[in-house]
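The structure under discussion appears below in the form of structure tokens.
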Number of protein chains: 2
Amino acid sequence: MKRISVDMDGVIANVYSQFITMHAAEFGKILSAGDVDGKTEEAAFENARKYVTSPGFFRTAPVMEDAAEVMLKLNEHYKLFIVSAAMEFPTSLIEKQAWLNQHFPYIGWQQIVFCGSKEIIKADIMIDDHFKNLNYFTGETILFTQPHNKLADSLHHKRVNTWREIEKLLLPR
Amino acid sequence: MKRISVDMDGVIANVYSQFITMHAAEFGKILSAGDVDGKTEEAAFENARKYVTSPGFFRTAPVMEDAAEVMLKLNEHYKLFIVSAAMEFPTSLIEKQAWLNQHFPYIGWQQIVFCGSKEIIKADIMIDDHFKNLNYFTGETILFTQPHNKLADSLHHKRVNTWREIEKLLLPR
């Protein structure tokens, strides 16, 4: 069975939805695609760092559309690992764990990895929204479209925009 | 720079000391080497599972002798990663993080990995006290002696008994 490393933020957890909501609550403006596309999260949301360190930011993030259903199927055909660069924000660990247990109850503790750098990850396929993780990975790489990477050339990574595209790409018809 | 994956429990954190202390507190008997050598932790300490899930078990574990000093040197010559199979005990994550920050302040968050299975770890060298982790690793393997593995053949892994031996093995004279 092939191993897949699946990122959390921006892949299965919709953190942009959280940023937009919290930014709107603070500044009274709902940012549009035009406001955020092609910008880092820090450039798009001036208080991004404050938001990610707020209690509940990760715990209440919506699940990315179709992620739970497609992941359930992937879990039958692959050795599935959730690999999240969670160490930068220590308080996020408990929230992320509780979030995974709630939304992805079929993912066992053996399948969860919280790390800092992903250069230590060995798998056959990596699904991630950040070039910094994909570029140093030696297996098959899948770039999940998020506003910050939307305008960039996907380089040698296969770009997908939705979990339905991942389903078509990785699962038998 | 070569990557090293260093285990926590039984390698840099002296969990046996914790088990023996808690067992003595509960049963009034200080177990000796003869009582615990060659046995799994669960076989050696009948309430092992209760102890590891007790608040403070990981947070107050003593540092393994010479580990802090040798790790500091390793950190200059290698890409050092602390890789702990911490996911089985969710409450341990915060304790382990705080413990690392206290005793190994030179280890950055980028260098910490909390996982379930270590089959997803890619490094050049792995230091661990468990065969289940070393046997599936493709790089150089170093077995750190602990009571549970003391009587076993170290197989193709290099056995070390102390951090001073690791120093001699991996650092220039």
In the range A:105-136, what count of residues is obtained for those that are without any contact (Cβ under 8 Å) to a residue 40 or more places away in the chain, assigned to a loop (DSSP other than H, G, I, E, B) and of a type outside the set (A, V, I, L, M)? 9
Could you list all residues from the range B:20-32 that are out of contact with any helix residue (DSSP H, G or I) (no Cβ under 7 Å at 6 or more places or on another chain) and either touching a residue at least 12 places away in the same chain (Cβ under 8 Å) or surrounded by 14 or more Cβ atoms within 10 Å (Cβ to Cβ) (or both)? B:20, B:21, B:23, B:26
Considering only residues of the range B:123-139 that are in contact with a strand residue (DSSP E or B) (Cβ under 9 Å, 6 or more places away or on another chain) and surrounded by fewer than 18 Cβ atoms within 10 Å (Cβ to Cβ), which is farthest from the other protein chains (Cβ to nearest Cβ)? B:131
Could you go through the range B:86-105 and let me know if any residue there is of a type outside the set (Gly, Ala, Ser), surrounded by fewer than 19 Cβ atoms within 10 Å (Cβ to Cβ) and under 23 Å from residue B:170 (Cβ atoms). yes
Given the range A:25-104, what helices (runs of 4 or more DSSP H) lie entirely inside it while holding 1 or more residues that are within 25 Å of residue B:101 (Cβ to Cβ)? A:41-44, A:48-52, A:92-103
Within the range B:1-51, restricting attention to residues that are at pLDDT 95 or above and within 14 Å of another protein chain (Cβ to nearest Cβ), which residue is farthest from residue B:79 (Cα to Cα)? B:8
Could you tell me whether any residue of the range A:49-57 is within 19 Å of residue A:144 (Cβ to Cβ) and in contact with a helix residue (DSSP H, G or I) (Cβ under 8 Å, 6 or more places away or on another chain)? yes
Which of the numbered conditions does residue B:17 fail, given that it passes all the others? Conditions: (1) surrounded by fewer than 21 Cβ atoms within 10 Å (Cβ to Cβ); (2) more than 24 Å from residue B:152 (Cα to Cα). (2)
Counting only residues that are closer than 15 Å to residue A:90 by Cα and facing chain A (nearest Cβ under 10 Å), how many does the range B:68-95 have? 6
Given the criteria touching a strand residue (DSSP E or B) at 6+ places or on another chain (Cβ under 8 Å) and within 14 Å of chain A (Cβ to nearest Cβ), does residue B:149 qualify? no
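The values are calculated or read from the model by the stated rules, or taken from the named source; none is laboratory data. Note that the structure is a prediction, hence the values are computed from the model and not measured. Reconstructed Cβ throughout: ideal geometry from the backbone, glycine too, with neighbour counts over all protein chains shown.
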